[in-house]
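Chemist: Can you read through this structure? Questions will come right after.
The values are calculated or read from the model by the stated rules, or taken from the named source; none is laboratory data. These numbers come from a predicted model, not from an experiment. So basically every Cβ, Gly included, is an ideal-geometry build from the backbone, and we count neighbours across all protein chains shown.
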Amino acid sequence: MEEFEKTLSRQQAAIEAERCLYCYDAPCQAKCPAHVPVPEFIQSIRSGNLHGARTLLQSAHPFIETCGRICPEEAFCQSVCTRSKIDSPVHIRELHRFVTDSTDPSDRMELPEATLGKVAIIGAGPAGLACTRELRDRGFACDVFEARQIGGVPSQEVSTHRYPREIEEREARFLISTFVTHLHMERVTDVKRLVTEYDAVFIATGLPSESDLRIEGVQLAGVYHARELLRKMKSGATSGAGDRVGVIGGGNVAIEVASMLREEDSMRDVIVVYRRGIKELKAFKKEIEEATEIGVTYQFLAIPDKVVGSEHVEGLQVTQDHLCGEDESGRCRFEPLPGSSFIIPLDTVVVAIGQRVDEGAFPGLARSDSGLISVGENMETSVPGVYAGGDAVHGAQTVVEAVRDGKKAAEQIAAFVAGGK
Ligand SMILES: Cc1cc2nc3c(=O)[nH]c(=O)nc-3n(C[C@H](O)[C@H](O)[C@H](O)COP(=O)(O)OP(=O)(O)OC[C@H]3O[C@@H](n4cnc5c(N)ncnc54)[C@H](O)[C@@H]3O)c2cc1C
Ligand code: SF4
């Protein structure tokens with residue numbers, strides 16, 4: 001699949017870099033959860049030192065290839081760019097991507113001997129590998145345990161038109177070959193053995209499960225879970241979806257699967273069915289724009305009542321609603337409009353209404369009401385020496401926030417091991 005967005009040319013990057021005001025307090029850097037030194041790397045682009053720019057990015061952030069492409073910059077660095085008071089913010093993420101696309105990650109890095117201790121990392125996604133890199137950098141040996149595929153959600157589920165396979169493989173290969181002591185392709189569901197074999201454990205297993213939609217008809221053939229479909233398509237297999245698909249949900253996963261299904265077959269109708277309106281969609285703005293551009297359509301203000309069909313999906317019955325005030329969390333409330341039900345004719349329904357932790361894993365660890373792993377300020381769980389971070393602790397977040405967690409946990413783990421010795 002062709003990428004939606006193209007890398008800036010050298011000339012475009014040079015012009016964009018010239019727009020940076022090099023603010024003394026660098027609000028962009030403070031707002032980036034990984035604290036990428038934004039003005040400094042832009043200065044390196046300006047002086048033509050792209051290798052230096054990569055070194056600066058790499059020193060703050062292990063997933064620079066990934067974030068150069070899929071970081072929601074409008075929520076982070078670019079949202080506070082001082083330049084927007086004059087005209088428009090500097091395109092920081094695009095400059096970030098320009099650097100990673102123009103340089104090579106294969107340079108060998110000088111690492112200390114791994115003599116300070118041995119840490120087990122469960123989950124090779126952004127949080128797990130960020131923690132691994134930071135600990136290895138400090139002189140720890142890190143064994144990584146991964147159930148599916150290294151790289152986490154970006155490798156397994158983000159569509160190839162936003163995040164091409166060769167980029168993802170290049171980043172994961174570099175991180176694994178440089179920082180991981182032993183990679184074990186196995187699912188770990190209990191920390192008992194690891195606690196005795198390692199100096200500390202970091203759990204970064206994300207949100208591997210999906211929420212179920214509890215309405216009539218979801219057992220019919222032609223009803224799928226969104227992330228299951230994303231993984232299938234990302235692995236190179238065809239989705240098996242029909243010609244008229246309804247995607248239920250309004251978050252990133254709904255928009256991602258809708259785009260990927262439309263990209264797979266441009267003759268297919270893909271309709272996102274959402275209870276609220278366009279302004280309330282939770283997906284990133286850029287993703288919504290890209291989906292709309294390739295022909296994804298929307299049925300807003302519609303509550304799914306039941307999936308209709310005898311053996312296979314034939315449609316989705318919905319009731320129209322209207323928005324009315326806000327709930328305690330500040331989100332819009334919606335109310336059904338009596339007598340407004342209608343059927344959207346469909347042959348496939350995709351459920352994309354939320355992600356969940358693997359509740360059966362890690363018995364004995366304290367959890368929040370929503371099942372997320374509970375940690376203290378120092379990211380330690382209820383079991384001493386066992387730390388956790390990323391989506392498994394905070395719920396659905398972003399890659400750069402998972403990286404922040406991995407870095408912070410590494411600092412805490414290093415202090416814990418040093419204290420114990
Ligand atoms: C479809 C989709 C699109 C997204 N798009 C974006 C985007 O554009 N930009 C952005 O910044 N964020 C995006 N996100 C969010 C982002 O991917 C996550 O916030 C981030 O990957 C979380 O990192 P993590 O390391 O906590 O967990 P994960 O990325 O989920 O990694 C966890 C890893 O642990 C492994 N694992 C799970 N259970 C076990 C076990 N028991 N034993 C061993 N291994 C296990 C998993 O296989 C996985 O590799 C998206 C998420 C989804 C679902
Ligand atoms: S990682 Fe994201 S927030 Fe940080 S500088 Fe890059 S694009 Fe901006």
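Chemist: In contact with an Asp or Glu (Cβ under 7 Å, 6 or more places away or on another chain) and near ligand 1 (Cβ under 7 Å from one of its atoms): is that true of residue 164 in this structure? If you could, list the steps in order and put the result at the bottom.
Modeler: Values: in contact with an Asp or Glu (Cβ under 7 Å, 6 or more places away or on another chain): yes; near ligand 1 (Cβ under 7 Å from one of its atoms): no.
When the stated conditions are applied, residue 164 does not pass them.
Chemist: If you take the residues in region 306-319 that are surrounded by fewer than 17 Cβ atoms within 10 Å (Cβ to Cβ) and part of a strand (DSSP E or B), which one is farthest from the chain's Cα centre (by Cα)?
Modeler: 312
Chemist: Which of the helices (runs of 4 or more DSSP H) contained wholly in region 26-74 include at least 1 residues that are without any contact (Cβ under 8 Å) to a residue 60 or more places away in the chain and within 16 Å of ligand 1 (Cβ to nearest atom)? Walk me through how you get there before you give the answer.
Modeler: On the way: elements: 27-31, 38-46, 50-60, 64-70.
Because the criterion is at least 1 residues that are without any contact (Cβ under 8 Å) to a residue 60 or more places away in the chain and within 16 Å of ligand 1 (Cβ to nearest atom), the helices (runs of 4 or more DSSP H) in region 26-74 that meet it are 27-31, 50-60, 64-70.
Chemist: Also: Look through 372, 337 and report the one residue that is over 20 Å from the mean Cα position of the chain (by Cα), away from ligand 2 (no atom under 16 Å from the Cβ) and surrounded by 12 or more Cβ atoms within 10 Å (Cβ to Cβ).
Modeler: On the way: 372 fails: over 20 Å from the mean Cα position of the chain (by Cα).
One residue alone meets the criteria, 337.
Chemist: Out of 227, 165, 187, which single residue is modelled with pLDDT under 95 and away from ligand 2 (no atom under 16 Å from the Cβ)?
Modeler: Details: 227 fails: modelled with pLDDT under 95; 187 fails: modelled with pLDDT under 95.
Within the list 227, 165, 187, the selection yields 165.
Chemist: Which numbered condition trips up residue 194, out of (1) crowded, with 18+ Cβ neighbours inside 10 Å; (2) modelled with pLDDT under 95?
Modeler: Every listed condition holds for residue 194 apart from (2).
Chemist: What pairs can you find where one residue is in region 144-156 and under 15 Å from residue 191 (Cα atoms), the other is acidic (Asp, Glu) and more than 16 Å from ligand 2 (Cβ to nearest atom), and their Cβ atoms are less than 6 Å apart, with a gap of 6+ or different chains?
Modeler: 145/186
Chemist: What strands (runs of 3 or more DSSP E) completely inside region 167-238 contain at least 1 residues that are free of Cβ contacts under 8 Å to residues at least 60 places away in the same chain?
Modeler: Values: elements: 182-184, 200-203, 223-225.
Output list reads 182-184.
Chemist: With within 16 Å of ligand 2 (Cβ to nearest atom) and surrounded by fewer than 15 Cβ atoms within 10 Å (Cβ to Cβ) as the only criterion, which of 30, 53, 60 stands out?
Modeler: Details: 53 fails: surrounded by fewer than 15 Cβ atoms within 10 Å (Cβ to Cβ); 60 fails: surrounded by fewer than 15 Cβ atoms within 10 Å (Cβ to Cβ).
Checking each option against the conditions leaves just 30.
Chemist: Name the single residue, out of those in region 75-85 being over 17 Å from residue 283 (Cβ atoms) and in contact (Cβ under 8 Å) with a residue 40 or more places away in the chain, that is surrounded by the most Cβ atoms within 10 Å (Cβ to Cβ). Even if it seems obvious, please write down each step before you answer.
Modeler: In the first step, residues of region 75-85 are kept if they are over 17 Å from residue 283 (Cβ atoms); the result is 77-78, 80-85.
So of that shortlist, the ones also in contact (Cβ under 8 Å) with a residue 40 or more places away in the chain come out as 77-78, 80-83.
Values: 77: 26, 78: 23, 80: 16, 81: 23, 82: 16, 83: 17.
Filtering first and then ranking leaves 77.
Chemist: Moving to a separate point now. If a residue must be more than 21 Å from residue 69 (Cβ to Cβ) and out of contact with any Phe, Trp or Tyr (no Cβ under 9 Å at 6 or more places or on another chain), how many such residues does region 20-39 contain?
Modeler: As a first pass, look at region 20-39 and keep what is more than 21 Å from residue 69 (Cβ to Cβ): 21-27, 30, 39.
Checking which are out of contact with any Phe, Trp or Tyr (no Cβ under 9 Å at 6 or more places or on another chain) leaves us with 21-27, 30.
Qualifying residue count for the region: 8.
Chemist: Still on this structure, please answer the following. Just for region 387-404: of the residues that are small (Gly, Ala, Ser) and near ligand 1 (Cβ under 8 Å from one of its atoms), which one is surrounded by the fewest Cβ atoms within 10 Å (Cβ to Cβ)?
Modeler: Per the criteria, the residue is 396.
Chemist: Now for a different question. Tell me whether region 253-268 contains one or more residues that are crowded, with 18+ Cβ neighbours inside 10 Å, touching a strand residue (DSSP E or B) at 6+ places or on another chain (Cβ under 7 Å) and assigned to a strand (DSSP E or B).
Modeler: no
Chemist: Residues in region 302-309: is at least one on the phi < 0 side of the Ramachandran plot, without any contact (Cβ under 8 Å) to a residue 60 or more places away in the chain and of a type outside the set (Ser, Thr, Tyr)? Even if it seems obvious, please write down each step before you answer.
Modeler: Pass one, region 302-309, residues on the phi < 0 side of the Ramachandran plot: 302-308.
When the remaining residues are screened for being without any contact (Cβ under 8 Å) to a residue 60 or more places away in the chain, the result is 302-303.
Now drop any that are not of a type outside the set (Ser, Thr, Tyr), which leaves 302-303.
Checked against the condition, which is being on the phi < 0 side of the Ramachandran plot, without any contact (Cβ under 8 Å) to a residue 60 or more places away in the chain and of a type outside the set (Ser, Thr, Tyr), region 302-309 yields at least one hit.
Chemist: Moving on to the next point. Give region 375-386 a look and list any residue that's among the small types (Gly, Ala, Ser) and either touching a residue at least 60 places away in the same chain (Cβ under 8 Å) or within 13 Å of ligand 1 (Cβ to nearest atom) (or both), or say none.
Modeler: First, pick out the residues of region 375-386 that are among the small types (Gly, Ala, Ser): 376, 382, 385.
Residue satisfying the conditions is 385 alone.
Chemist: Looking only at residues in region 100-158 that are among the β-branched types (Val, Ile, Thr) and more than 16 Å from ligand 1 (Cβ to nearest atom), which one is farthest from residue 38 (Cα to Cα)? Spell out how you get there, then give the answer.
Modeler: Kept after step one, since they are among the β-branched types (Val, Ile, Thr), are these residues of region 100-158: 100, 103, 115, 119, 121-122, 132, 144, 150, 153, 158.
From what is left, the residues that are more than 16 Å from ligand 1 (Cβ to nearest atom) are 103, 115.
Numbers: 103: 17, 115: 33 Å.
Per the stated criteria, the residue is 115.
Chemist: Take residue 100 and decide whether it is away from ligand 2 (no atom under 14 Å from the Cβ) and part of a helix (DSSP H, G or I).
Modeler: Here the answer is no, as residue 100 does not meet what is asked.
Chemist: Does residue 110 qualify as being crowded, with 18+ Cβ neighbours inside 10 Å and either within 16 Å of ligand 2 (Cβ to nearest atom) or part of a loop (DSSP other than H, G, I, E, B) (or both)? Even if it seems obvious, please write down each step before you answer.
Modeler: Details: crowded, with 18+ Cβ neighbours inside 10 Å: no; either within 16 Å of ligand 2 (Cβ to nearest atom) or part of a loop (DSSP other than H, G, I, E, B) (or both): yes.
Criteria not met by residue 110.
Chemist: Could you list, in sequence order, all residues of region 388-402 that are more than 11 Å from the chain's Cα centre (by Cα) and either of a type in the set (A, V, I, L, M) or assigned to a helix (DSSP H, G or I) (or both)?
Modeler: The answer is 388, 392, 393, 394.
Chemist: Among all residue pairs at least 6 apart or on different chains, which show Cβ distances below 8 Å where the first residue, located in region 108-133, is acidic (Asp, Glu) and the second is at pLDDT 95 or above and surrounded by fewer than 24 Cβ atoms within 10 Å (Cβ to Cβ)?
Modeler: Qualifying pairs under 8 Å: 113/139.
Chemist: Given the residues 279, 286, which is the only one that is of a type in the set (D, E, K, R) and in contact with a Cys (Cβ under 9 Å, 6 or more places away or on another chain)?
Modeler: Numbers: 286 fails: in contact with a Cys (Cβ under 9 Å, 6 or more places away or on another chain).
It is 279.
Chemist: How many residues does region 275-300 contain that are more than 16 Å from ligand 1 (Cβ to nearest atom), in a loop (DSSP other than H, G, I, E, B) and touching a Phe, Trp or Tyr at 6+ places or on another chain (Cβ under 7 Å)?
Modeler: 4
Chemist: Here's another thing I want to ask about it. For residue 183, state whether it is surrounded by fewer than 20 Cβ atoms within 10 Å (Cβ to Cβ), of a type in the set (A, V, I, L, M, F, W, C) and closer than 19 Å to residue 147 by Cα.
Modeler: Details: surrounded by fewer than 20 Cβ atoms within 10 Å (Cβ to Cβ): yes; of a type in the set (A, V, I, L, M, F, W, C): yes; closer than 19 Å to residue 147 by Cα: yes.
Taking the combined requirement at face value, the residue satisfies it.
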